[in-house]
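Report on the structure given below.
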Amino acid sequence: MPIQRRLPKRGFHSPFKKQVAIIHVGDLNRFPKDTVVEPQILVQSGLLKKEGTVKLLSDGELQHPLTIRVHHVSKAPLRK
């Protein structure tokens, strides 16, 4: 019997799982003041590997105002 049939099968990997890239507020300080930050700009700057769904989390502080356009935002960054 082949080895792939003898070994136990474990877990489940959904083919429909959505990949979400996470960006922290503190990582956005590299952009100049009053910049419009979008997923395309995040890929160009090297914060993301490829363009897709982006979620903003509240780790860190912003030193200057920015306009941020991402797909999902947690509640804490909205207050910052």
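The values are calculated or read from the model by the stated rules, or taken from the named source; none is laboratory data. All of these numbers come straight from a predicted model, not from anything done at the bench. So basically every Cβ, Gly included, is an ideal-geometry build from the backbone, and we count neighbours across all protein chains shown.
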Single match in Ser74, Ser58, Ser45 (criterion: out of contact with any strand residue (DSSP E or B) (no Cβ under 6 Å at 6 or more places or on another chain) and at pLDDT 90 or above): Ser45
Elements of type helices (runs of 4 or more DSSP H) in the chain, at least 2 residues being loosely packed, with under 13 Cβ neighbours inside 10 Å, charged (D, E, K, R) and on the phi < 0 side of the Ramachandran plot: 3-6, 75-79
Of all residues making up the range 1-24, the number that are in contact (Cβ under 8 Å) with a residue 40 or more places away in the chain and out of contact with any strand residue (DSSP E or B) (no Cβ under 7 Å at 6 or more places or on another chain): 0
